[in-house]
Amino acid sequence: MDKRKLHPRVHWLGAIDWDRRLFDSLIPLPDGTSYNAYLVQGNHKTALLDTVDPAMAHILLAQLEDVEKIDYLVSHHAEQDHSGTIPLILERYPDAKVVTTAKAKPMLIDLLQIAEDRFVTVADGESLDLGGLSLTFIHTPWVHWPETMVTYLPEAKMLFSCDFFGSHIAANDLYVIDQGRVHEAAKRYFAEIMMPFRTVIEKNITKLAPLAIETIAPSHGQVYDRPAWIMDAYRDWVSPTPHNLVSFPFVSMHGSTRIMVDHLSASLARHGVRVELFNLAVTDIGKLAMSLVDAGTIVVGTPTVLLGAHPLAAYAAFLANALKPKARFLSIVGSYGWGGKAVEQLAGMIPNLKVEVLEPLLVKGVPRQEELAQLDRLAATIAEKHSHESFRA
Ligand code: FEO
């Protein structure tokens, strides 16, 4: 892939990773991803914003073949999918300085063993004059590490946001064409790594509000030439107000828990509550994370295995606890054969969730009529709780 022009003096560089299916040995990437870097060439100085995953360093180096001088290498974020090729760039351009936050500098030294004298640290709001173009650095911590910042190029009304507003999509089109597809990918991305920091991200969005932004150029996925919708989507995702939605991860071994899951789902639907089911034996964990962005209530369904929760249900509880979604209510349903502590075990795994626990229901064997009626009462309680709050539709 060649360099691509975004503006007479700004080019996209980077690598499209069509094949990657897993990030951090954890996060599914059904649509691949890209590592975007940007070249900003002023009258006197040239800046490269971020690099690429080191596995694709050769692509970036080839794109830079006709670029004689880089004065500044801006590092928005120390994670290696953007920073990992910095050492090779510094080797090729011995006078280039790494421009980054004071927090990122020691991280880059630790992760990449870059010499200390190659750095220039920038304060929040500081600008760098390139000659006819200027870069303003805005500290935006926790999108999604503590050191992150973004860069604003006022002469082009362009924001370089790194992971912020990014999406894992491999695509030839430079700009977003299919908004629905990118919305889903960006939500998945937000759900998997940004959600735990939504309160501080909300402050970062407010901080960007005064800027006139016509283009957002993230470091994953496509460039937004009409960025209003992705900023609106982020405002919804970081909002503390959940939707009228139950996120329902479950696992069933011999069908008893499944009967309960289906019964409770149908009952919730009759009460006008949306439900999203995730069979943990087969589900894409990213889809569950996306559901947790919106859910007002989480219900976990589990059978009993070796006297405790099914390990897949424990995984879902661990994940939810780490992602800290905005849900306000939680319950647990399931079955057992002869005994066990599945409810206590799962309830003990979610200390980060600020939820009211609605009475769990664990039945012995297959649920009977009276237990199905109890599920109906749980559905009515959830519907009532949702109606009393200012939930979104
Ligand atoms: Fe795309 Fe947090 O690195």
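The values are calculated or read from the model by the stated rules, or taken from the named source; none is laboratory data. Just so it is clear, the structure is predicted and the values come from calculations on it, not from any experiment. Methodologically, a virtual Cβ is constructed for each residue, glycine included, from the backbone with ideal geometry; neighbour enumeration extends over all protein chains shown. Please note that ligands, DNA and RNA were not included when accessible areas were found on the heavy atoms of the full protein model with its side chains. Shrake-Rupley method; radii C 1.70, N 1.55, O 1.52, S 1.80 Å.
Can you name the residue in the range 176-197 that is open to solvent by 40 Å² or more (accessible area, probe 1.4 Å) and more than 16 Å from the ligand (Cβ to nearest atom) and, of all such residues, is farthest from Lys324 (Cα to Cα)? Working first, answer last.
Initially, the range 176-197 is screened for residues open to solvent by 40 Å² or more (accessible area, probe 1.4 Å), giving 177-181, 183-184, 197.
Cutting the leftovers down to more than 16 Å from the ligand (Cβ to nearest atom) gives us 177-181, 183-184.
On the way: Ile177: 32, Asp178: 30, Gln179: 27, Gly180: 25, Arg181: 25, His183: 21, Glu184: 20 Å.
It comes out as Ile177.
Would you say Ala171 is within 11 Å of Gly221 (Cβ to Cβ), within 14 Å of the ligand (Cβ to nearest atom) and not assigned by TED's automatic domain parsing to the domain that holds Lys326?
no
Determine whether Lys324 is of a type in the set (Lys, Arg), within 19 Å of Phe250 (Cα to Cα), over 28 Å from the mean Cα position of the chain (by Cα) and surrounded by fewer than 18 Cβ atoms within 10 Å (Cβ to Cβ). If you could, list the steps in order and put the result at the bottom.
Details: of a type in the set (Lys, Arg): yes; within 19 Å of Phe250 (Cα to Cα): yes; over 28 Å from the mean Cα position of the chain (by Cα): no; surrounded by fewer than 18 Cβ atoms within 10 Å (Cβ to Cβ): yes.
No; evaluated as a whole, the condition is false for this residue.
Condition check ((1) open to solvent by 10 Å² or more (accessible area, probe 1.4 Å); (2) in contact (Cβ under 8 Å) with a residue 60 or more places away in the chain; (3) under 22 Å from Phe165 (Cβ atoms)) across all residues:
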| position | (1), (2), (3) |
| --- | --- |
| Ala217 | no, yes, yes |
| Trp229 | yes, no, yes |
| Asp232 | yes, no, yes |
| Ser247 | no, yes, no |
| Arg258 | yes, no, no |
| Val261 | no, yes, no |
| Ala269 | yes, no, no |
| Leu280 | yes, no, no |
| Met290 | yes, yes, yes |
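Taking only the range 108-129 into account, find how many residues are over 13 Å from Ile86 (Cα atoms) and either open to solvent by less than 50 Å² (accessible area, probe 1.4 Å) or outside the structural domain of Tyr93 (by TED's automatic domain parsing) (or both).
The number of residues fulfilling the criteria is 3.
Using the structure shown, decide if Leu48 is at pLDDT 95 or above and either in contact with a Phe, Trp or Tyr (Cβ under 7 Å, 6 or more places away or on another chain) or more than 14 Å from the ligand (Cβ to nearest atom) (or both). Don't jump to the end; show me each part of the working.
Working: at pLDDT 95 or above: yes; either in contact with a Phe, Trp or Tyr (Cβ under 7 Å, 6 or more places away or on another chain) or more than 14 Å from the ligand (Cβ to nearest atom) (or both): yes.
Here the answer is yes, as Leu48 does meet what is asked.
Go through the range 351-371 and report how many residues are open to solvent by 20 Å² or more (accessible area, probe 1.4 Å), at negative phi and of a type outside the set (S, T, N, Q).
13
Specify which of the listed residues (Gly42, Gly14) is in contact (Cβ under 8 Å) with a residue 24 or more places away in the chain and either surrounded by fewer than 18 Cβ atoms within 10 Å (Cβ to Cβ) or over 24 Å from the mean Cα position of the chain (by Cα) (or both). Don't jump to the end; show me each part of the working.
Numbers: Gly14 fails: either surrounded by fewer than 18 Cβ atoms within 10 Å (Cβ to Cβ) or over 24 Å from the mean Cα position of the chain (by Cα) (or both).
Gly42 is the lone residue from the list that is in contact (Cβ under 8 Å) with a residue 24 or more places away in the chain and either surrounded by fewer than 18 Cβ atoms within 10 Å (Cβ to Cβ) or over 24 Å from the mean Cα position of the chain (by Cα) (or both).
Take the residues of the range 51-87 that are open to solvent by 10 Å² or more (accessible area, probe 1.4 Å) and touching a helix residue (DSSP H, G or I) at 6+ places or on another chain (Cβ under 8 Å): which is farthest from the ligand (Cβ to nearest atom)?
That would be Leu61.
Could you grab me the full set of residues in the range 342-388 that are acidic (Asp, Glu) and under 26 Å from the mean Cα position of the chain (by Cα)?
Correct list: Glu356 only.
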